[in-house]
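The values are calculated or read from the model by the stated rules, or taken from the named source; none is laboratory data. Bear in mind that the values here come from a model prediction, so they are computed numbers and not experimental data. Note that we place each Cβ from the backbone using ideal geometry, even for glycine, and neighbour counts take in every protein chain shown. Keep in mind that these areas ignore ligands, DNA and RNA; they rest on the heavy atoms of the full protein, side chains included. Shrake-Rupley method; radii C 1.70, N 1.55, O 1.52, S 1.80 Å.
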Amino acid sequence: MTDAVTPRLREMRWWDIDPVLELEKDLFPEDAWSRGMFWSELAHSRGPEATRRYVVAVAGDRVVGYAGLAASGDLADIQTIAVTRDHWGTGLGGRLLTDLLRAATVFDCAEVMLECRVDNVRAQKLYERFGFEPIGFRRGYYQPGNVDALVMRLTDPATSVQGTESNG
């Protein structure tokens, strides 16, 4: 089951890359991100010119989830969200998504986009609860498995975050 301690969210730092990579390889074995991809994203996540927000969820000394968002102009893109299997169904994915949507509002983004594997129904349901709507597909997006992506969009992330907080 889950750790007794409620995971806390904090900014992802370079020393989190190794545990995040372990989780990435466990959850997304066919299309896991590389170390270089995470380094590149973190390079854009700090300072006055930051365009990224990456967070980890930590229970005790264990990374049990992570998430990332990239912003460009008035558009944000959810890059990744992952939670250890033993924390599925605990609301941690929703907490991570809420953090990213708050960041999108700080970045003054009017819309948030994402791609989700068509076979990842659990993630699709999470995004739908936050108001994301399917708008199309990207054929063969996830490689090397040649799995299609469902493209989803959320307009006005600030309203979505307020709605989920008031609904519990």
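GNM on the chain, alpha-carbon springs under 10 angstrom: the most fluctuating residue among Met37, Met12, Met152 is Met37. For the residues Ser160, Ser40, a 1.4 Å probe over the protein chains yields an accessible-area ranking, largest first, of Ser40, Ser160. The dipole here belongs to the chain: it is taken about the Cα centre, uses +1 on the Cβ of Lys and Arg and -1 on the Cβ of Asp and Glu, and is about 180 debye. Projecting the Cα atoms of His44, Val20, Ala32 onto the charge dipole of the range 1-54 (Cβ charges, centred on the Cα centre) puts His44 farthest toward the positive pole.
Around the amide H of Gln79, modelled in the peptide plane, lie the amide H atoms of Gly68, Leu69, Ala70, all under 5 Å away and 5 or more residues distant in sequence or on another chain. Just check the range 1-48 against the gyration tensor rule for me: Cα atoms, a ≥ b ≥ c as the square roots of the eigenvalues, rounded for a/c under 1.5, and otherwise prolate or oblate depending on whether a/b exceeds b/c. Because a/c hits 1.5 or more and a/b fails to exceed b/c, the range 1-48 counts as oblate. Legend: Rg and Dmax of the chain, from Cα coordinates, 15.1, 41 Å. Near Phe132: Cβ cut-off under 13 Å, other residues only, Lys/Arg at +1 and Asp/Glu at -1. The net charge is -3.
Indicate the helices, whole DSSP H runs only, in the chain that combine a mean Kyte-Doolittle hydropathy of -0.5 or more with a Cα extent along their long axis of 24 angstrom or more. Flagged H segments: there are none.
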